[in-house]
Structures are given as C-alpha cells and as structure tokens.
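Colleague: Here you go, one structure.
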Amino acid sequence: EDDEDEDEDEDDELDAPFLASRPDATNSDSDEEVVLGKSLVKAPPASSAAAKSGGSASSGPRYCKVVAIAETRGSSRVIVCTLHPNERGGRERGDNIVTDTDTLLKAKPTDKRMPWILIQVNDVTRKVLDLPGKLDPYKLWPVQMIGWKETSTLPLGRLKGQCLGRAGDLDAEERHALIENELDCHDVDFSDELLDEVDGLVEEAQRSFDDEVSRRLDLRTKRIFTIDPATARDLDDAIHVDLDEAKQEVEIGVHIADVAHFVKLGSLADKEAQFRTTSVYLIGRVLPMLPHALCNHLCSLNPNEPKLAFSAFFRLKLETGELVEDPKPWFKKTAIRSVCRLNYDEVQQVLDGEEIEPPPMYGGYKWKDVKDDIFLLYDVCGKVRRGRLEGGALSISKQKMIFHTRESEDGIPTGYHLESHSASHWIIEELMLLANRCVAKHLAHSRLSDFAVLRKHESPDPKKAEKMTQMMQENLGLDWEGFNAGAIYRSCQAIYKEYGEMLGLCVEMMTMRAGMKQAMYFVYHNEADAHHFALDFDYYTHFTSPIRRYPDVMVHRVLNALLVGADDGFQQGTAAEIQVEQCNEKKSAARKCSEQIDRAVFCIYLRSKKSWFYTVGTVLGFVQESNENTESGLVTVYCSQLGRESKVVLFADGATREQLHLFEDGVQDELMLPNTWSFCSRGLVELEWLPPDGDVTRRKRQALKMLSCVPIVIIPTDTVPINYALFFVSPFHPRASEVEVSEREQSGFDWKEVEEDGVEMLFDAHAGQPPPDTPAPAEAR
C-alpha cells in the first residue's frame, strides 16, 4: 500500500477499550467491542420490586428486556464456519463422523461472537460433503443464516458456496478474511460492460489529449518526479519544487492523477467505484477500486508519459517551513510528464550520502538536478514537520511487518522486514498533508462548502482519557499530560527518550486505546466542527489518492466545480451523505481485513519456517481467576512487532501440551514453562523458573510489573481460526539471550493504589489470597 495513506492517517485507530484493567473482559475478534466473559451482576428475581420498577440510581442496576429487533442486520451475511456432527446435549463427537441417521449438522463460526448454526442434512449437503462420512474439522465453509425462530436455541443456515480450503492454507485464509469483513464482493472481475466503457475512455483520452491539454496549464517541460514504494504500480502523486531566492521561499507543486476527469459521475466505472470505495491490499496482490486500464495505465503518473493531473500549488518560507498566505495556495487542472521515478529506499540512500545507480532521466534533465530537489525538500519539509509537531500535532509510531513474497512460488512469505518511517517517507507525508489541508480549507470557505467532503477526528472520550492520565500519573508515577494532541505527543516522546523504544511503542498503543476515536469522512456544513484532533488542523480532507479512495474523487469533483463555476457534476444532499458513510464502513472493513490477513500470514510464515518467534513483550496488566477446582492467571502483554496485545495464561495445574494446541511439527525448539507463579499484588506477579535438570538450588525468580519489558516467544497454534500463543521465555532457555532487554526496561513500574473520593470498597479481589511467598504450582501459557 502507498505509504502516503498510512502515514497521513495517524488518526486511523478504532476506539478499542484498554483491557488491562478489565478482569471481566475478554478480547473479541472485533476491535470495536468488549465481549464480557461473564455477567457483571446477577439479575434479581422477577418478582423483585427493583426489577418490576426498572430500578433506580440508588437501588442498583436497572434491568430491561428486548422486545423487538428494529433492524435485522447480518441476517443474510455469509459467515465462515467449520462443520461438525450435531450431537444432542451439546456433547462433542470425537470421531467427527456424520451417520446416515443424522438430520442436522452444526456449523461453528470462526468469529466467536456469532452463534452456532444448524444445517439440515439433505440431498445437497450429502452430495457436497460426501455424507455419511467424516467431516474435516479444519475445512472452512461459507454459511448463510436463513432463519432463527424465537423458540429455537440456534438459528438455521445453509452452505453458501464451495469450501474455502483448510485453516492455515494461504488462499483459504485470504478468502476467509475477505468474507468475514464482507469484502469478498471485491474479489471478482469487473463486468464486461464496464471494461468496454473503460476501453472507450482510454481511446477517447488518447484521441482528444491535445485538445484537453490546450484547456489546462501545460507543465510537461517542468521537472516533476515521483517517489513511491518500489512495488507500487499505481502512481497517483508527483511533486516539484522551485526555489525563489529573492523571497527566500519555495513553491511546491503536488500533482495528483486526474481520475475524476475520466470517471464521470453516474458512469459504470463510477458506480462500481462508489460501491467499492477503496482498493483492498492483500499479501502480494491488490483488489483495485478501478480497472487496471485506469489505475495502472491511463491515470498512473508513469515516467516520460504525458498525463492529466489536478495540481495544488503552495509556497513555504525557506527559513521556517511556514505556509505562505500571500499568495494563497491555488489549484489548477494541469498536464505533466514525470522526468523520473524514485522509490523510498533510493531517496533515503541519497539523503544518507550514498551513491546509487541513477534512475532513467527524461525531459533533458540530469540526475544532479533531481538530487538537488531532494535535498531542498528534505530541508524545508523537516522544518514543516518540526513546526507541525511542536505546534500541537500527534504522531504515532507504528511497526508493521512487511512480508516478502516476490520470490515465493506458492505465495508463502520467504521473509519479512519492519516497515521504516525514514526521512524519505516523511518528506512525501508532509507534502501530502499540506496539499490535503490546503484543499480542505479552500473548500470549507467556498460557495460549495455544503458539498465538501472533509475528514474529521474528534477528541478522545474525556472519561477514558482521564483514566489513562490517572493511571500514568498516580498509579505508575510517570510524567504524563493528555489534555491535547500536542501534550500527548510530548509525553510519548519523553517516555521514548527516558525508557526506550519498547516502552514508548507500548505507551503510544495505550494512548490510541484510551478513548481515541476513528477519523471519519463527512459532508461539511458551516456549523459543523471539522477539527482534526490528531493532526491539529481546523480543516482536513483526502485529495491525494483518487486512484484508490473514492472520497478523493468526490473532493476532486467539488474542487473542479469551483474552478469552472459549475453547480453540478458531484454528489449532493442525501446521496453524498450515504456515500461517505459507505466510504467509512469500507475503509474500516479493509483495515480489519488487512490486519486479519497479516496475523494469519505471520502464523503461516512461522509454520513454514518450522520455527518460533522470539521478541519483546510489554506487560500491561494482571488478572487472577479461581474457582472450586482450578486457579489461573492472565497476564496481558503487548507485542509491538505484531501491533496488538495478547494474553499469557498461567495455569494452576493439570495443563498438558495437548491442551495448548501448539503447532510443533518439525520444530527444533523447547518450550520451558515456569515451575510456579504467585500474584503478589495488583501490579506484581512473580515467576519461578527451574533449570532443565530441575536443580532447585539454581532456581531463578522473575518479577513482572506493570510495563515490564520481557522476552516472549510466539508459537503458532493448530487451531481454527489459525492463531498463535504467547509464552514467557525462561532465563534458562538457550535462546533467551537472543532477546535484548535492558535492566531498566525489564524493571517496569510499581503500581500505587489511589484512594478515590466518595468511593467505598465493597470487595477486595486480593483479600484472602495466599501471601506473596506462597507460590501456586503452575504451568504457563
């Protein structure tokens, strides 16, 4: 995916709850909700006065009853399931064999939020599944719910298509993610009618190109070039920079592929783009928003090819990087011809002073000319970035694993690297942010402001942000200010500087989970609050990627109407409102799909390498659970390389390797578990490790505190859906030394209990527990 999109959307995090302090909460497959593992309170008897009256603020919780379903969302949705015999009484049939007397099958969704579904055994299912016979519990099947009677415990469903494959197969996991996020409709060919229309567009564009250029600003002789990922195929932005020594200013031109010129409102290509709204990026391939004849050829700003563009021009002060308001930023339809194509790695090598093989140059320009432009942009964009962050913007570092598939015959990654965010990336990021900001302000102050599609990011939920501040300041004793984006950024940077990268990355994740909301597209109205919290911009939009984002196309159309004095040619009123909502939903679905595929591919990669993954995890919280028979604990750990938190489960006793469901086929490694563990306080767990020979005189104790950075090992599981499990690494393990963690990072922070005014303690979770020196026997996962 084009790095510009990822870099500029530093706000694109869901309002996901911070789970470390929620003993009653478990991770769901959705980032948007918490699934409670058990009810928080017991409902009173139906005859109680409180239940009848609905309760009151003083009498306790209020209870209610669902009386109707207003909207049956999801009733026709296709759900990915595994198939099993339907054993009466809910018991599992170990042999997984369906007999000739069975009348129902049980479909278990991989999405644990969904209920089991019953499927009738009929002629169709017998033929498709070869019944009677044994069902493969690892095969993934698309199932559609067809009805759920009020008197039935489970809904009825039917098979909806062919088997996707077995869990753990790359193709099956890719299709699984697309269906689960309702994006499988993107993985189809464009219709013949649409492709015929696009062929006609291409022919007409070539025939009328000179006439169209005569109506535009012709910049085909200007030194314009592109900087993109090495693997990018659709080049939708190009740049130029001119130095005005007399005024000590630079003029920047950001030139964007003029997609809206070719894709007219209401055309077949436009209707399909309205439906898709975004390109979906998978491992090794892309599901494009537009046909390849448009996105990779006609619109792509390839080197030495004359192209039509929509350009934003603005001037910056050379000394400070400030945006010049006289003259104001201006916009124009243009014709350009890129003189060379560069990728981020090449530009970074140039900035680092390395010699590289010069790229092919066109238009009579020399490589030295472009190198001088790069250094000029580095200088001025560095000042722009520094001023933006010091002025109150929030920048979050995100680690993402980029898998290598180009040399793979079967699509399974051969390796990976962590995505960098070097100067070559932020040069383009700052230029795109400026262009988007200038366009947004222009639209918001124009006569067509009521039709402008902008992007806003609301302030975090104040209660959650306050809890985060209280935890950081009072419970952990850290310097922390969270009253605005700039304060959060400065606090995070201070933690990076004092405590290191691992803790800094973890705290940034906690910040995004502590009430931070998701940025949204919306149709602007004069009275609307358009402020973008993370970027700290009064107005912001997306203008720079119309090849792969439909909101950018909408923005181009309104901006063009302003330039030509038109009042139509763009979506208006309810149609525009519905369209931006579709864009928001599809953007969120595409992000979740990408994350799901990344997790699956990571597990598949580990399986193929027959190895386990050793890295650093940061402790976020502890929960101790016990009942009459067992005692266990949960330690929430954040892994920055995976970009998510997971649970390490401490078992009291009786856990076997079979219960852990680990994928160990061919792995030459050893899993070493703690001998004992003990909860010493809310913010401290102590593990005891024994050497392989069991010599108790050589035992070691490991203290886990809040925000301790510790070695962990990630092991893929043999489960459906494909997943992984986290374990703490024994200090006696041969590979423990591979994970470098400083003593300061390991030490963590003492948890200080804070008394709250007006709060009376009714229950102490730690009361009656064994003293710290009384360890519980354990195996750990």
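The values are calculated or read from the model by the stated rules, or taken from the named source; none is laboratory data. The structure presented is a predicted model; accordingly, all values stated were derived computationally and were not measured. Please note: Cβ atoms are built from the backbone with ideal geometry, for glycine as well, and neighbour counts cover all protein chains shown. Surface areas here come from the heavy atoms of the whole protein model, side chains and all, with no ligands, DNA or RNA. Shrake-Rupley method; radii C 1.70, N 1.55, O 1.52, S 1.80 Å.
Colleague: Once the Cα atoms of the range 274-417 are picked out, what are the Rg and Dmax in Å?
Modeller: Cα radius of gyration and Dmax of the range 274-417 are 19.2, 57 Å respectively.
Colleague: In whole percent, how big is the carbon plus sulfur part of the accessible area of the chain, probe 1.4 Å, protein atoms only?
Modeller: For the chain, the apolar C and S fraction of the accessible surface comes to 48 percent.
Colleague: Run the Debye formula on the Cα coordinates of the chain, all scatterers equal and no solvent, and tell me log10 I(q)/I(0) at q = 0.05, 0.06, 0.10 1/Å.
Modeller: Computed log10 I(q)/I(0) values: -0.31, -0.45, -1.21.
Colleague: Of 569, 618, 525, which is farthest on the positive side of the dipole of the range 492-642, counting Cα position, with +1 on Lys and Arg Cβ, -1 on Asp and Glu Cβ, and the Cα centre as origin?
Modeller: Of the candidates, 618 comes out farthest on the positive side.
Colleague: Something else now. Normalising by the residue count of the range 257-348, find the relative contact order in percent from Cα pairs under 8 Å and 6+ residues apart.
Modeller: 24
Colleague: I've got another one for you. At a Förster distance of 51 Å, what's the computed FRET efficiency of residue 73 paired with residue 697, Cβ-Cβ distance as r, to 0.05?
Modeller: After rounding, the FRET efficiency stands at 0.25.
Colleague: In whole angstrom, note down how far apart the Cα centers of the range 328-358 and the range 461-512 are.
Modeller: So the separation of the two Cα centres works out to 36 Å.
Colleague: Suppose R0 equals 60 Å. What FRET efficiency, 1/(1 + (r/R0)^6) with r the Cβ-Cβ distance, do residue 458 and residue 136 give to the nearest 0.05?
Modeller: 0.80
Colleague: Based on DSSP H runs of at least 4 residues, each adding -39500 (n - 2.57), what is the mean residue ellipticity at 222 nm of the chain after dividing by all its residues, to the nearest 500 deg cm²/dmol?
Modeller: One gets -8500 deg cm²/dmol as the mean residue ellipticity at 222 nm.
Colleague: Once both labels are modelled 7 Å past Cα along the beta-carbon direction, what's the residue 376-residue 404 spacing in nm?
Modeller: 3.7
Colleague: Evaluate the distance, in nm, between pseudo-label points positioned 7 Å from the Cα of residue 483 and of residue 116 along their respective Cα→Cβ axes.
Modeller: Taking the two extended label points, one gets 5.6 nm.
Colleague: Note the full-extension length gain between residue 345 and residue 324 as 0.36 nm times their separation in residues minus their Cα-Cα distance, in nm to one decimal.
Modeller: So the extension gain works out to 4.5 nm.
Colleague: If the cut-off is 19 Å between C-alpha atoms, which lysines fall inside it for residue 271, apart from same-chain ones fewer than 8 positions away?
Modeller: 586, 587
Colleague: Could you derive backbone 3J(HN,Hα) for the range 544-556 from the dihedral phi with the Karplus parameters 6.51, -1.76 and 1.60 (θ = phi - 60°), listing whole Hz in sequence and x where the residue is Gly or Pro?
Modeller: 9, 9, x, 5, 10, 9, 5, x, 5, 5, 4, 5, 4
Colleague: Just to confirm a number: summing +1 for Lys and Arg and -1 for Asp and Glu over residues other than residue 580 whose beta-carbon lies under 15 angstrom from that of residue 580, what do you get?
Modeller: The answer is +2.
Colleague: Roughly how many debye, to the nearest 20, is the charge dipole of the range 264-354 about its Cα centre, given +1 on each Lys and Arg Cβ, -1 on each Asp and Glu Cβ, and no other charges?
Modeller: 640
Colleague: Compute for the range 508-623: radius of gyration divided by Kirkwood radius, i.e. Rg/Rh, restricted to C-alpha atoms, rounded to two decimals.
Modeller: 1.12
Colleague: Spelling out what I want: for every residue of the range 233-240, take phi, set θ = phi - 60°, compute 6.51 cos²θ - 1.76 cosθ + 1.60 (Karplus), and round to whole Hz; glycine and proline get x.
Modeller: 10, 9, 9, 9, 9, 9, 9, 9
Colleague: Please say if the range 61-152 is rounded, prolate or oblate, where rounded means a/c under 1.5 for a ≥ b ≥ c the square roots of the C-alpha gyration tensor eigenvalues, and otherwise the choice is prolate for a/b larger than b/c and oblate otherwise?
Modeller: Here the range 61-152 falls in the prolate category.
Colleague: Kirkwood Rh, Cα Rg: Rg to Rh for the range 134-241?
Modeller: 1.23
Colleague: Zone of residue 182 (label point 7 Å along Cα→Cβ, backbone N under 16 Å): which residues in the range 272-289?
Modeller: The answer is 275-278.
Colleague: Can you list, largest first and rounded to whole Å, the semi-axes you get for the range 434-510 by taking the square root of 5 times each eigenvalue of its Cα gyration tensor?
Modeller: Each semi-axis is the square root of five times an eigenvalue, giving 35, 15, 9 Å.
Colleague: If you don't mind, there's one more thing I want to ask. So what is the relative contact order for the chain, in percent, with contacts set as C-alpha pairs under 8 Å and at least six apart?
Modeller: Computed value for the chain: 12 percent relative contact order.
Colleague: Here is a further query. To the nearest 20 debye, what charge dipole does the chain have about its Cα centre, counting +1 at the Cβ of each Lys and Arg and -1 at the Cβ of each Asp and Glu?
Modeller: Dipole about the Cα centre, nearest 20: 1720 debye.
Colleague: Convert each backbone phi in the range 558-565 into a coupling constant with the Karplus relation 6.51 cos²θ - 1.76 cosθ + 1.60 (shift: θ = phi - 60°), then list the ³J(HN,Hα) values in order as whole Hz, x for Gly and Pro.
Modeller: Once θ is set to phi - 60°, the couplings for the range 558-565 become 5, 5, 5, 4, 5, 5, 9, x Hz.
Colleague: Let's see if you can work this out: charge +1 on each Lys and Arg Cβ, -1 on each Asp and Glu Cβ, no other charges. What is the dipole magnitude of the range 536-581 about its Cα centre, in debye to the nearest 20?
Modeller: 260
Colleague: Let me ask something additional. Over 21 Å between Cα atoms, which of 456/497; 112/647; 264/307 qualify?
Modeller: 456/497, as the Cα separations exceed 21 Å there.
Colleague: Amide H of residue 343 versus every other amide H placed in the peptide plane: which residues, excluding those fewer than 5 positions away on the same chain, fall under 5 Å?
Modeller: 228
Colleague: A further question on this structure: Just to confirm the filter: which trypsin sites (Lys or Arg not before Pro) across the range 115-203 are DSSP coil and have at most 15 other Cβ within 10 angstrom of their Cβ?
Modeller: For trypsin sites (Lys or Arg not before Pro) across the range 115-203 that sit outside H, G, I, E and B with at most 15 neighbouring Cβ atoms in 10 Å, the list reads 149.
Colleague: Moving on. Please provide three numbers in whole Å: the alpha-carbon extents of the range 208-304 along the principal axes, with the largest listed first.
Modeller: The Cα atoms of the range 208-304 stretch 50, 36, 22 Å along their principal axes.
Colleague: For a label point 7 angstrom out from the Cα of residue 493 toward its Cβ, which stretches of the range 359-391 have the backbone nitrogen within less than 13 Å?
Modeller: Output list for this probe position: 383-391.
Colleague: Now for a different question. Once the Cα gyration tensor of the range 576-636 is diagonalised, what are the square roots of 5 times its eigenvalues, in whole Å and ordered largest first, as equivalent ellipsoid semi-axes?
Modeller: Square roots of five times the eigenvalues give 36, 23, 11 Å.
Colleague: If R0 is 30 Å, what FRET efficiency do you get for residue 568 and residue 196 from their C-beta distance, rounded to 0.05?
Modeller: 0.70
Colleague: For the range 440-582, what is the Kirkwood estimate of the hydrodynamic radius, computed as the reciprocal of the mean inverse distance between distinct Cα atoms, to one decimal in Å?
Modeller: 17.1
Colleague: Okay, next question. Grab the range 121-229 and count how many Lys pairs have their alpha-carbon atoms under 30 Å apart, sequence gap of 8 or more, or different chains.
Modeller: Counting lysine pairs in the range 121-229 gives 8.
Colleague: Considering Cα pairs under 8 angstrom that are at least six residues apart, work out the relative contact order of the range 213-314 and quote it in whole percent.
Modeller: 31
Colleague: Right, next: Could you work out how much longer the chain between residue 203 and residue 156 gets when fully extended? Use 0.36 nm per residue separation minus the Cα distance between them, nm to one decimal.
Modeller: 11.8 nm
Colleague: I've got another one for you. Using modelled backbone amide H atoms (1.01 Å from N, in-plane), which distant-in-sequence or interchain residues come within less than 5 Å of residue 224's amide H?
Modeller: Long-range HN contacts for residue 224: 339.
Colleague: A further question on this structure: Would you list 154, 135 from the most to the least accessible area, probe 1.4 Å?
Modeller: Of 154, 135, the descending order of accessible area is 154, 135.
Colleague: State in Å² the accessible area per residue of the chain; use a 1.4 Å probe, count heavy atoms of protein chains only, and round to the nearest integer.
Modeller: 48
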